[in-house]
Amino acid sequence: FQRCVGMDALNSLHSTTYEIDEKHGTDYHKRFLEFVKMIQKENLVIGGAMTDPKGDRSKGPSEQDDPDLFTRIVDSDEKGVYVSGAKAHQTGCINSHWIILMPTIRLTQNDKEYAIVGAIPADVKGLTYIYGRQSCDTRVMEGGGDIDLGNAKFGGQEAMMILDRVFIPWDKLFMNGEFEFASMLVERFTCYHRRSYVCKTGLGDVLIGAAATIADYNGVPNVSHIKDKIIEMTHLNETIFAAGIASSHQGHKMKSGVYLNDDMLAQVCKHNVTRFPYEISRLAQDIAGGLMVTLPSEKDFRHPEAGPM
């Protein structure tokens, strides 16, 4: 589950560290490649932590009343640096092995301590996870079995990450004060990650299949408006998929040797994802009818007295 964020972080850092070294004579790219070798050898899952709480969005990180609204370096010694702050909306962080911390916006000279990229183990000292609320998170406590739970073992989750003097050794540090490269990293990561949203079409496939199955159960698979809705669901889903694949196909080679997908088509893919899945879901509900959202719970279905009824 949720490898896309880490892969997007690795790809964007491959080219960005290469270009930082080219300008500043640093050795971030070499450190980074050693980290990638370890990750590949051990088949580890990476969480890419980019989004900060931000606070007053009209101000930069160094202008905030609370300096912890953006992740920053608070101390350093001969072994490495210490960072504090927070990362919000972190999908998949709890089931990751390592987390890559990255800046989230364009930075200035005054924000140098916020120009930090580093890798930390997911269970590092000083890191607290606050589990995000899910719209249906009480279902697991209702004791109904597994029908109502959906993907009970491997479902998605988000969390807020609170960092309190988290240590990053020098060999796991891939940006340290090079503020002028923060926007480059953010833009490249965004380009990869918005193309990665093509994964939503897998969920769409399942939902379309479920809607078609319900139409079969209801005895209406050949009714024209039902067929039209399933066709429209498929059209919308494949439109998302097509934009993502096209973005990759139009990619170009960077100085470091990795490829960056087409930016415009990546934005189109993301824009489609912000609109089409909701329409696909609406059509699925239309096909299924009211029973889908008001039927009794699995607990009632398995109840010795109510179940048979």
Which helices of the chain meet both criteria: a Cα extent of 27 Å or more along the helical axis and a mean Kyte-Doolittle score no lower than -0.5, with helices taken as whole DSSP H segments? 4-24, 224-249
Lys and Arg at +1, Asp and Glu at -1: add these up for the other residues within a Cβ distance under 15 Å of Ser281 and post the number. 0
Would you calculate, for the chain, the mean residue ellipticity at 222 nm contributed by helices, counting each DSSP H stretch of 4 or more residues as -39,500 (n - 2.57) and dividing by all residues, to the nearest 500? -13500 deg cm²/dmol
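If you average the sequence gap of Cα pairs under 8 Å that are 6 or more apart and divide by the length of the chain, what percent do you get for the contact order?
Values: 521 pairs, mean separation 58.7, N = 309.
Relative contact order, the chain: 19 percent.
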Picking from Pro277, Pro296, Pro61, which is most flexible by a Gaussian network model of the chain using Cα springs under 10 Å? Pro296
Residue-by-residue Karplus 3J(HN,Hα) for region 174-181, coefficients 6.51, -1.76, 1.60, Hz, glycine and proline x: 10, 7, 8, x, 7, 4, 5, 9
Tyr217, Tyr192, Tyr82, reordered so the largest accessible area comes first (probe 1.4 Å): Tyr217, Tyr82, Tyr192
If one builds a Gaussian network model of the chain from Cα atoms under 10 Å apart, the most fluctuating residue listed among Asp21, Asp137, Asp68 is Asp137
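Kindly report the accessible area of the chain per residue (heavy atoms of protein chains, probe 1.4 Å, no ligands, DNA or RNA), in Å².
On the way: 16810 Å² over 309 residues.
Roughly 54 Å² per residue, with all protein chains present.
Going by accessible area, probe 1.4 Å, with all protein chains left in place, what is the ranking of Arg106, Arg139, Arg302, largest first?
Numbers: Arg106 160, Arg139 90, Arg302 135 Å².
In descending accessible area the options line up as Arg106, Arg302, Arg139.
Give me the percent of the accessible area of region 173-224 that comes from carbon and sulfur atoms, probe 1.4 Å, all protein chains in place. Walk me through the intermediate numbers first.
Values: 1370 of 2360 Å².
So the carbon and sulfur contribution to the accessible surface is 58 percent.
The values are calculated or read from the model by the stated rules, or taken from the named source; none is laboratory data. Everything numeric here is computed off the predicted structure, so don't read it as measured data. As a convention, Cβ positions derive from the backbone with ideal geometry for all residues, glycine included, and neighbour counts pool all protein chains shown. To get the accessible areas, we keep the full protein, side chains included, count just its heavy atoms, and leave off ligands, DNA and RNA. Shrake-Rupley method; radii C 1.70, N 1.55, O 1.52, S 1.80 Å.
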